[in-house]
1. Examine the range 28-42 for a residue that is at pLDDT 55 or above, touching a Ser or Thr at 6+ places or on another chain (Cβ under 8 Å) and either open to solvent by less than 60 Å² (accessible area, probe 1.4 Å) or under 22 Å from His97 (Cα atoms) (or both), and state whether such a residue exists.
2. Go through the range 71-94 and give me each residue that's within 26 Å of Ala220 (Cβ to Cβ) and under 11 Å from the mean Cα position of the chain (by Cα).
3. Which condition number does Arg110 fail, the rest of (1) under 27 Å from Trp146 (Cβ atoms); (2) out of contact with any Pro (no Cβ under 7 Å at 6 or more places or on another chain); (3) charged (D, E, K, R); (4) open to solvent by 70 Å² or more (accessible area, probe 1.4 Å) being met?
4. Restricting to the range 217-230, name every residue that is over 15 Å from Phe145 (Cβ atoms) and open to solvent by less than 50 Å² (accessible area, probe 1.4 Å).
5. Taking only pairs six or more apart or across chains, which ones have beta-carbon atoms under 7 Å, a first residue in the range 152-179 that is within 21 Å of Ser211 (Cβ to Cβ), and a second residue that is basic (Lys, Arg)?
6. Name the residues in the range 59-79 that are open to solvent by 80 Å² or more (accessible area, probe 1.4 Å) and of a type outside the set (Ser, Thr, Tyr), would you?
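The values are calculated or read from the model by the stated rules, or taken from the named source; none is laboratory data. This one's a predicted model, so the numbers in the text were calculated from it and none came from an experiment. Because the Cβ atoms are built from the backbone with ideal geometry, glycine has one as well, and the counts that use them run over all protein chains shown. When the accessible area is computed, the model is the full protein with side chains, heavy atoms only, and any ligands, DNA or RNA have been set aside. Shrake-Rupley method; radii C 1.70, N 1.55, O 1.52, S 1.80 Å.
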Amino acid sequence: WMRLDPASDAWKASKSLRTFPWRPYTLGDATKAFGEGKGPDEVAREKELELVAIEEAHEAAMAAGQSMYKDPKTGYSVFTAQAALDRGYCCGRGCRHCPFGHFNVKAEERKLRKSERMRGPTLLRKQKGAKVRKQPAPATLHVLFWSGGKDSFLTLLEMRKSLGPDDGIVLLNTFDPDSQLVPEQEIHVHHIMEQAKALEEDLMLVPLGRSSRNDSYLAAVNSALERLAVEYKLGGGAEAVARM
């Protein structure tokens, strides 16, 4: 909102300002907006302490292997990230500690919510519910290193032409967990998620800091391949996965 006196010369001289949705701004409005008798700094500090309490309660529940914990402020039961991991997919309801980056939450709603930081290689499934549990192991799992650009897309089209009837494809992407961007391409990881959903392919996201060395990259990718072998019930670990 603009702080502008409608009796001022500037207001009278400008026709465009007369239709602007303004209202007089006073310090009382600001104080009321932040809570009765509280300034913005105090409210921000209270919010920070509330978030710290939530994080501590969640970490304690995760360490104990629990699927729920009590919200310190409201007393409501909240699912832990472990509960979602045990389920194996994003339910799409915008859970506070979703470890899947709110993959199945609508894109416009995902921007308003903050999900749990991915702690390691995370598989995002194009299917959910009973379909995930009943999905048979592919004869060969083809992993395409996906950057989000046209070259990746063209490679996927060619890969699909030679795919066997019982083969599967999964896209693999590394991103910076701090900025949520894919290095070099500078694409937000949420765009990568939307691409995977539009292409109807599973997506393996691998958090990797921008300053990571080559050995860290290789270790993270190998860990992701090992995880894929487990998720798709393949024998032989990472060596059982075909890469491109």
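1. yes
2. Cys90
3. Condition (4) is where Arg110 drops out.
4. Ala229
5. That search, which allows pairs on different chains as well, returns Asp176/Arg210; Pro177/Arg117.
6. First pass over the range 59-79, keeping only residues open to solvent by 80 Å² or more (accessible area, probe 1.4 Å): 63, 66, 68, 70, 73, 76, 79.
Listed by number, the residues that qualify are Ala63, Gln66, Met68, Lys70, Lys73, Phe79.
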